[in-house]
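K.L.:
Take a look at this one; I'll ask things after.
Where a number appears in this text, it was derived from the coordinates with a stated rule and is not lab data. Since we're looking at a predicted model, the values are computed, not measured. Methodologically, a virtual Cβ is constructed for each residue, glycine included, from the backbone with ideal geometry; neighbour enumeration extends over all protein chains shown.
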Amino acid sequence: MTNSGTKKTLFVSVVINKSKINNLFKEEIMKYFLDSAKMDEIEEAYSTFGIDGITTNPKHIKESGKPFLKAIEDIADFVKREGLSGIETFPVSVELNPNLIEADDMVKQAEKIASISDNFVIKVPCIEGGVTAARKLEKEGIRTNLTLVFSPAQAIWAGRIGSKFVSPFVGWKEDNGEDCRQYIEDIVQIYENYGWLGNTEIICAAVRSPKQIVDCAVAGADIVTAGLQVYKKAIGHAYTTQGMKTFKDAWDNTVGNN
Ligand code: E4P
C-alpha cells in the first residue's frame with residue numbers, strides 16, 4: 001500500500017471509531033417530551049403515550065389559564081404523585097421571565113424556580129446574559145436548557161458551557177420556509193465531533209409534524225418536543241384508516257363471523 005493509501009485508511013478508521021465511541025453515550029431511543037403546561041394534556045400524554053418529560057414556555061403557561069407559579073407547582077405535584085422525581089427520570093423545563101436580560105437577574109429567578117422541584121430545568125434564552133447565566137447556574141449545579149436556538153453557532157454555546165439541554169427550534173424555522181434537516185444534522189455532527197452527545201442533550205423544539213419528527217430522528221437528535229396533537233397525528237396514516245375499513249369489511253363478510 002502507498003503512503004497516502006495508509007494515511008487514508010488510518011483517517012477513516014479514526015473517524016469510525018470516534019463515532020462508535022460517541023454512540024456509546026447516546027440514548028438508544030429518541031425521547032418524546034410534551035410541550036405544554038396544561039395538566040389535562042400532561043396527564044393524558046403520560047398515561048397513554050408514556051412521554052419522557054415536559055417543556056414549557058411563557059406561551060404555554062398563559063394557555064394553561066393559571067398564574068406562572070401555580071402552573072409550575074401543579075406540574076411539580078404531578079411529577080411527585082407519579083413517583084417521577086429527578087431530572088434524570090422526568091425533566092421539566094421551565095422558562096425564565098423574558099423581561100430579564102441581565103445574567104444576575106436571571107440567576108436569581110432561576111434559583112427560586114429550581115428550589116420548587118428537583119425536576120425543574122431552567123430554560124435560559126440564547127442571548128449574552130442568558131449564556132452567562134446558564135454557565136453560572138451549571139457551575140452551581142442548577143441544570144439549564146439553552147432555548148430560542150436557531151443556528152448551529154448558537155447550539156455550540158450550550159455544549160461549551162455544559163447545559164443539560166439545548167433546544168434548537170425546528171417548527172418556527174420551517175414555518176418561515178426553511179428546511180431544517182441540514183441544520184439538525186449539523187448540530188448532531190458538531191456534538192459528535194466534540195463529545196458533547198450525552199452531556200448536553202439535543203431537544204428539537206417546536207416540532208409541528210410527523211415529518212419533522214422523522215427528520216429529527218434521522219439526524220440522531222436525542223429528544224423532540226411537541227404538542228399532544230402532533231404525537232397523535234404521528235400514529236395515524238390515511239392508508240391505515242383505509243386498511244382498517246378494508247379489513248373490517250372483510251371480517252364482517254367472512255362466513256361464520258357473524
Ligand atoms: C421549546 O422548548 C418551546 O417550548 C416550544 O417548542 C416553542 O414552540 P411552540 O411555538 O410550539 O410553542
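K.L.:
How big is the charge dipole of the stretch 90-211 about its Cα centre, in debye rounded to the nearest 20, if each Lys and Arg gets +1 on its Cβ and each Asp and Glu gets -1 on its Cβ?
P.N.:
200
K.L.:
Something else about it: Could you please rank 181, 160, placing first whichever residue has the fewest other Cβ atoms within 10 Å of its Cβ?
P.N.:
160, 181
K.L.:
Taking the simple approach of a point 7 Å from Cα along Cα-to-Cβ for both residue 127 and residue 160, what is their distance in nm?
P.N.:
Result: 1.9 nm between the two label points.
K.L.:
Still on this model: Gaussian network model of the chain, Cα springs within a sub-10 Å range: biggest mean-square fluctuation belongs to which of 103, 238, 221?
P.N.:
Residue with maximal mean-square fluctuation among 103, 238, 221: 238.
K.L.:
Estimate the FRET efficiency between residue 217 and residue 172 by the formula 1/(1 + (r/R0)^6), using the beta-carbon distance for r and 25 Å for R0, to the nearest 0.05.
P.N.:
Efficiency, from the Cβ-Cβ distance: 0.80.
K.L.:
Another question, if that's okay. So, counting K/R as plus one and D/E as minus one, what does the shell of residues with Cβ under 10 Å around residue 150 add up to?
P.N.:
0
K.L.:
Moving on to the next point. Sort the chain into rounded, prolate or oblate with this rule: let a ≥ b ≥ c be the square roots of the eigenvalues of the Cα gyration tensor; rounded if a/c is under 1.5, and if a/c is not under 1.5, prolate when a/b is larger than b/c, oblate otherwise.
P.N.:
In terms of gyration-tensor shape, oblate.
K.L.:
Tell me, in nm to one decimal, what length is gained between residue 28 and residue 181 on full extension, where the rule is 0.36 nm per residue of separation less the Cα-Cα distance?
P.N.:
Values: separation 153, 0.36 × 153 = 55.08 nm, distance 2.03 nm.
Residue separation times 0.36 nm, minus the Cα-Cα distance, leaves 53.0 nm.
K.L.:
Give the long-range amide H neighbours of residue 54: residues separated by 5 or more places, or on another chain, with amide H under 5 Å away, using H modelled in the peptide plane at 1.01 Å from N.
P.N.:
34, 92, 93
K.L.:
Continuing with the same structure: Hey, fewest Cβ within 10 Å first, where do 157, 172 land in order? Working shown, then result.
P.N.:
Numbers: 157 18, 172 14.
By the 10 Å Cβ count, ascending, the order reads 172, 157.
K.L.:
Between 227, 83, 137, whose Cα lies farthest towards the positive end of the dipole of the chain when Lys and Arg beta carbons carry +1 and Asp and Glu beta carbons carry -1, centred on the Cα centre?
P.N.:
137
K.L.:
Just rank 183, 191, fewest to most, by other beta-carbon atoms within 10 angstrom.
P.N.:
Taking fewest neighbouring Cβ atoms as first place, the list is 183, 191.
K.L.:
Let me ask something else about it. Between residue 244 and residue 116, how many nm apart are label points set 7 Å from Cα along the C-beta direction?
P.N.:
The two pseudo-label positions are separated by 3.8 nm.
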